[in-house]
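Below: one structure, written as structure tokens.
Every number in this text was worked out from the coordinates using simple rules, so none of it is lab data. Predicted, not measured: the structure shown is a model, and the values here were computed from it. Because the Cβ atoms are built from the backbone with ideal geometry, glycine has one as well, and the counts that use them run over all protein chains shown.
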Amino acid sequence: MNRGYKSIVFLISGTAALGGLLFGLDQGFIANSLPTIQAVYRLDTRGAEGYSSILATGGVIGALLSGLLARFLGRKRSLILAGFIFTAGSLLSAFLLPLGAMMACRAALGFAVGIASFNVPLYLSETAPTRIRGSMGTLFQLMITIGIFLISLTSVFIARVVVSPERALPLMFGVIVVFATLMFLGSLFLPESPRWLMLQGRKEEAIGVLRRILATEEEVAAEIADIEASVGTGGSSGRIVFKRYFLKVLVVGVLLQMFQQLVGINVMIYYAPRIFGFAGLTGIVAMLTVPTVNMIFTFPAIRLVEKWGRKKLLYVGAVCMFVSMVAAGAAFRVIGASGDPSAAGKVPAVILLVSVIVYIFGFAVSWGPVAWVVCSEIFPIQGREVGMTITTMVNWTFAGLLMNNSLTFMQEHGNSSIFFVFSGFCLLAILFVAGFVPETKGISLERIEADLKAGKRMRDLGRV
Ligand code: BGC
């Protein structure tokens, strides 16, 4: 009975890894491929913004439909679909299609990222053995950051070795094709989520899957009883969205994802090489600093999210981001006032570099993983699919809004202005956490749900 245990758990975590990795590969692709894309497709600033943000537009639609897909197609088939679109979209893009078709491929890739960002955490939380379930939310984020790092590294390398943009671009897409194919093939061999099988009334198959994952018959029986109890409460129900307690929790989830984007993370990730360029910093440092720091500091989050708790991390992160955005804005102002980056001297450029590093550290260790983790914890079981669909969509909507407007905003209001705007959002985020976010560390999901239904204030959920 235990023979398949190791390999199946490995397959499950590996697919999670690949789903997150593709999210990161496609998201991170923009930063270092942008100059190459602009050269090949002759895009101006507006065109570059459009190219950057169309992924997010696809992400919003993917997230919107993913709840329905997950319910009707099932979790496994949704993942296969995402893997297929990832593979086809990046393969087609490698043929340097005309601009319109290339943008359609980007939108399709965004659609797949939207499906993955909803389905992978859902599939994992429903399928992975309990003892590794907790760290899976953070693992997903870690893989996003590894994807962003990997694509930056390979893009920088390719752009240096292959000088012609027309020849470099297909290779950059080729890197994504490799991992997308792995995800597509890997998901064909996944077991279906036992919880979804139970929702479909396919109990025997659900037991079969659990036998392959869990070590003993007792564990299988206990898990089936748990699932039966929660499925018995009705699974996901449309009517819950009209309940006051659901709306309360929804507003908190929505604001959490909104602030995760409004602190400016993707502007720093997508446009870091450009931002450094304004300050006269170019080359490898400008291209790899952000993805490297982002990846490295997501590792400590895996432990700290359980040790310090969610709220403390959110505070620490927001304070780091606030201070560093003010410093970066000031450095930019000095650089801008001198008219020529080299005339401003080394000090503002060093301040800029250090503050971007502190900023990325602040995000990676806190808001990056914690926003997703808390959103997967606070919704009552009946409204989890709806709640996570809406909060994931909000995340992508704000990512797209920022992508689509930030370069123009910097052109119109001065490069430094956007940093001050982000610092303002960091302050608001701190107030929001203090006033409304509950500490969910170590509190069972049932307890959170019971407190919510008993009418407790959001920030007091789980407190005695
Ligand atoms: C965010 C993405 C961001 C990534 C960076 C994720 O949590 O949702 O928008 O690009 O973190 O690591």
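Calculate for the chain the 222 nm mean residue ellipticity that helices alone would give, adding -39,500 (n - 2.57) per DSSP H run of length 4 or more and normalising by residue count, nearest 500 deg cm²/dmol. Spell out each step's value before the answer.
Values: 19 runs with 373 residues, N = 464.
Helix contribution divided over all residues of the chain: -27500 deg cm²/dmol.
The relative contact order of the range 325-464 comes to 29 percent, based on Cα pairs under 8 Å that sit 6 or more residues apart. Taking the three principal axes of the alpha carbon atoms in the range 368-421, the coordinate ranges are 47, 18, 12 Å, sorted in descending order. The mean sequence separation of alpha-carbon pairs under 8 Å and at least six residues apart, normalised by the residue count of the range 67-134, gives a relative contact order of 38 percent.
Express in nm, to one decimal, how much length is gained between ARG160 and ARG303 on full extension, taking 0.36 nm for each residue of separation and deducting their alpha carbon distance.
Details: separation 143, 0.36 × 143 = 51.48 nm, distance 3.71 nm.
Net length gain for the segment: 47.8 nm.
Take the cross-link list LYS76/LYS203; LYS243/LYS307; LYS248/LYS311 and give me the ones stretching past 28 Å between alpha-carbons. Walk me through the numbers before you get to the answer.
On the way: LYS76/LYS203 17 Å; LYS243/LYS307 33 Å; LYS248/LYS311 18 Å.
Violating the 28 Å limit, Cα to Cα: LYS243/LYS307.
Here the 3J(HN,Hα) profile of the range 210-217, calculated from phi with Karplus coefficients 6.51, -1.76 and 1.60 at θ = phi - 60°, is 4, 5, 6, 9, 8, 7, 10, 4 Hz, Gly and Pro shown as x. Take every pair of alpha-carbon atoms less than 8 Å apart whose residues are at least six positions apart; their mean separation over the length of the chain yields a relative contact order of 23 percent.
What translational diffusion coefficient, to the nearest whole µm²/s, does the range 93-132 have by Stokes-Einstein, given a Kirkwood radius computed over alpha-carbon pairs, a temperature of 4 °C and 1.567 mPa s viscosity? Could you put the intermediate results ahead of the total?
Numbers: Rh = 12.1 Å.
It comes out at roughly 107 µm²/s.
Computed from phi, the 3J(HN,Hα) profile of the range 305-319 under the Karplus parametrisation 6.51, -1.76, 1.60 (θ = phi - 60°) reads 5, 8, 7, 7, x, 5, 5, 4, 4, 4, 4, 4, x, 5, 5 Hz, with x in place of Gly and Pro.
Once you reduce the range 245-263 and the range 366-387 to the center of their Cα atoms, the two points are 10 Å from each other.
Packing, as the average of other Cβ atoms within 10 Å across residues, places the peptides 369-382, 430-443 in the order 369-382, 430-443, highest first. Please determine, in degrees from 0 to 90 and to the nearest 10, the orientation of helix 346-362 with respect to the longest principal axis defined by the Cα atoms of the chain, where the helix direction is its Cα long axis. Around 10 degrees separate the two axes.
Taking the three principal axes of the alpha carbon atoms in the chain, the coordinate ranges are 71, 51, 36 Å, sorted in descending order. Our coupling estimate for the range 270-275, obtained by passing each phi through the Karplus curve with A = 6.51, B = -1.76, C = 1.60 and θ = phi - 60°, is 6, 9, 3, x, 5, 4 Hz, Gly and Pro reported as x. With the cut-off at 1.5 for a/c, could you classify the range 352-463 from its C-alpha gyration tensor as rounded, prolate or oblate? It comes out prolate by the Cα gyration axes.
ASN405: net charge of surrounding residues, Cβ under 12 Å, Lys/Arg +1, Asp/Glu -1, itself excluded? Walk me through the intermediate numbers first.
Numbers: positive: ARG46; negative: GLU49, GLU412.
Overall, the nearby charge balance is -1.
Here the alpha carbons of the range 96-201 define both size measures, Rg and Dmax, at 17.4, 57 Å.
Model label sites at THR216 and LEU65, defined 7 Å from Cα along the beta-carbon direction, differ in position by 4.5 nm.
Here the scattering of the range 144-249 is modelled by Debye summation over its C-alpha atoms, one equal scatterer each and no solvent; at q = 0.14 Å⁻¹ the log10 of I(q)/I(0) is -0.78.
With an a/c value of 1.5 or above and a/b not larger than b/c for the gyration tensor axes a ≥ b ≥ c computed over the alpha-carbon atoms, the range 1-77 is described as oblate.
The alpha carbon gyration tensor of the range 39-91 gives principal lengths a ≥ b ≥ c with a/c of 1.5 or higher and a/b no greater than b/c, which makes the shape oblate.
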